[in-house]
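Reviewing the structure listed below.
We did not get these values from a lab; they are worked out from the coordinates using the rules stated. Because the structure is predicted, anything quoted here is derived from the model rather than measured. When we count neighbours, we look across all protein chains shown, and the Cβ atoms used for this are built from the backbone with ideal geometry, even at glycine.
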Amino acid sequence: MDSQEIDILIIGAGPSGCVAAGYLQQKGVNVKVVEKSKFPRLVVGESLIPRVMDNFQQAGLLDALDRCGFEKKKGAEFIRGEVFSTFDFSDKFGQGWDWTWQAPRADFDLAMTRELQRKGVEIQFEVAVTDIEFKNSISHTTIVDKSGVTSQITAKFVIDASGYGRVLPRLLGLSKPSQLNPHSAIFTHVKDINRPSGEQGTQISFDVLDTQVWLWVIPFSNGLTSVGLVANTAFIENLKGDEGTAEALRKAIQLSDFYVKRFANKSFEFEPIHLKNYSSAVTKMYGDGFSLTGNSAEFLDPVFSSGVCFATESGLLSAKLAYRQLQGENIDWQTEYADYMQRGIDVFTTYVQEWYTGNLQTLFFHRPENPEVKRKICAVLAGYVWNEENPFVKKHDRVIRTMAYMLKNNDPFSSEIFD
């Protein structure tokens with residue numbers, strides 16, 4: 001059996017793995033990426049949030065991605081009936097990027113991998129990780145390519161960025177149930193021939209059909225638009241019935257007064273993909289010789305597009321810490337990695353939970369709007385969930401619930417909420 005010795009093995013060539021590889025390549029590390037799929041490939045996660053731009057920049061990928069001409073995302077619009085709640089990333093609390101991209105991930109991920117290969121990063125596609133053994137911090141990973149040839153990679157550190165494949169959680173028994181209620185999604189792409197002109201036609205938007213049921217619409221610069229349905233799993237299964245995912249999505253579009261004329265009776269570019277009970281979690285985010293990043297560690301919900309943010313944040317941080325460890329430093333992975341990532345995860349988890357309780361929707365759609373509240377929420381939606389100067393980050397576990405209660409009971413806001 002062929003074998004190879006490297007410094008760091010990265011499992012997965014999505015945003016998390018690419019950001020990690022990009023950073024390590026700049027540091028001169030002997031790194032290799034293995035990816036089970038053949039690129040380009042379809043995957044969910046087509047709407048980014050501004051925090052990711054910092055991570056792409058540090059990984060040396062920003063310029064190459066910018067040249068691709070992906071649709072710029074400058075905010076997001078939430079719709080409930082005739083009420084519209086629009087967030088502008090340029091009008092948020094604190095500093096940070098005020099735009100990002102919305103892009104078909106097949107093209108986006110391919111652009112990243114090609115840029116890494118251009119820079120000399122070895123990426124091996126269509127290989128599956130079948131086994132891994134750790135001897136202290138040294139790993140011995142067995143892979144099988146598409147021809148059935150088995151080989152082994154010995155590495156000083158492994159970054160698992162395998163996304164929904166969740167390679168190390170599966171092989172090492174690290175998976176645990178998510179604390180979020182089971183939700184599922186169905187999505188596809190359509191030729192958006194009825195797209196409105198101007199910003200209305202290019203801005204990402206969400207139509208809230210019910211407290212726990214909503215549609216996403218993500219326009220791309222290539223003329224296609226991603227259309228998706230998110231709901232509790234039982235609702236989607238009932239909508240599918242015996243007719244399948246395509247008919248379920250068509251039924252959901254018919255429920256939308258806002259989107260029905262734009263998308264009704266449009267042919268789908270591919271059979272809608274059904275993601276069942278997508279939320280996931282793990283018992284730990286690191287171990288002796290490895291770290292888990294992105295969806296391999298935790299995936300919450302697509303409602304606020306946090307997936308790629310956590311993927312790139314954790315991928316970059318893992319790469320930085322692994323590099324320092326290779327240089328002989330003693331790294332406190334619990335404090336510097338797991339605790340840090342968990343703070344951001346906790347904030348977004350609260351926002352997801354309060355979205356589905358209806359409390360956050362109360363804040364979004366209450367009229368008149370409170371500009372100060374909106375700016376602070378906008379910073380969270382932009383991904384700046386580690387900035388505890390923002391009370392909607394620092395007090396995330398109670399501020400939304402408290403304010404929703406006040407609005408429902410016509411109580412005035414206390415100044416303490418904003419401190």
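Below are the figures for this structure:
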{"item": "Segment 302-343, dipole about Cα centre (Lys/Arg Cβ +1, Asp/Glu Cβ -1), debye to the nearest 20", "result": "120"}
{"item": "Between helix 245-254 and the chain: long-axis angle, C-alpha atoms, 0 to 90°, nearest 10", "result": "30"}
{"item": "0 to 90° range, to nearest 10: angle between helix 396-408 axis and the chain longest Cα axis", "result": "10"}
{"item": "Extension gain from residue 38 to residue 6, taking 0.36 nm per residue of separation minus the Cα-Cα distance", "result": "9.2 nm"}
{"item": "Two-decimal Rg to Rh for the chain - Kirkwood Rh, Cα set", "result": "0.97"}
{"item": "HN-Hα J in Hz across segment 197-202 - Karplus 6.51, -1.76, 1.60, θ = phi - 60°, x for Gly and Pro", "result": "6, x, 4, 4, x, 10"}
{"item": "Residue exposure sequence - 162, 151, 318 - by fewest surrounding Cβ within 10 Å", "result": "151, 162, 318"}
{"item": "Segments 27-36, 166-175 sorted - mean Cβ within 10 Å per residue, highest first", "result": "27-36, 166-175"}
{"item": "Ranked 123, 6, criterion: other C-beta atoms within 10 Å, fewest first", "result": "6, 123"}
{"item": "J(HN,Hα) series, segment 359-376, from Karplus relation 6.51 cos²θ - 1.76 cosθ + 1.60, nearest Hz, glycine and proline x", "result": "5, 5, 5, 4, 5, 5, 9, 5, 10, x, 6, 9, x, 5, 5, 4, 5, 6"}
{"item": "Of all DSSP beta bridges in the chain, antiparallel share, percent nearest 5", "result": "70"}
{"item": "Assigned charges on the beta-carbon of Lys, Arg, Asp, Glu; the chain dipole about Cα centre (debye)", "result": "400"}
{"item": "Neighbour-count ranking [beta-carbon atoms within 10 angstrom, fewest first] of 389, 369", "result": "389, 369"}
{"item": "Backbone N under 20 Å from the residue 150 label point (7 Å along Cα→Cβ), restricted to segment 30-44", "result": "34-36"}
{"item": "Under the Karplus curve 6.51 cos²θ - 1.76 cosθ + 1.60, θ = phi - 60°, whole-Hz ³J(HN,Hα) for segment 132-141, x wherever Gly or Pro sits", "result": "8, 10, 10, 10, 6, 9, 8, 10, 10, 9"}
{"item": "Positive dipole terminus of the chain, leading residue within 221, 33, 75 (C-beta point charges)", "result": "221"}
{"item": "Most positive-pole-ward Cα, 268, 86, 175, against dipole of the chain from beta carbon charges", "result": "268"}
{"item": "Relative compactness, segment 183-275, computed as alpha-carbon Rg over 2.2 N^0.38 Å", "result": "1.01"}
{"item": "In degrees, nearest ten, helix 15-26 long axis to first principal axis of the chain (Cα)", "result": "50"}
{"item": "Ellipticity estimate at 222 nm from DSSP helix runs (n ≥ 4, -39,500 (n - 2.57)) divided over the chain, nearest 500", "result": "-10000 deg cm²/dmol"}
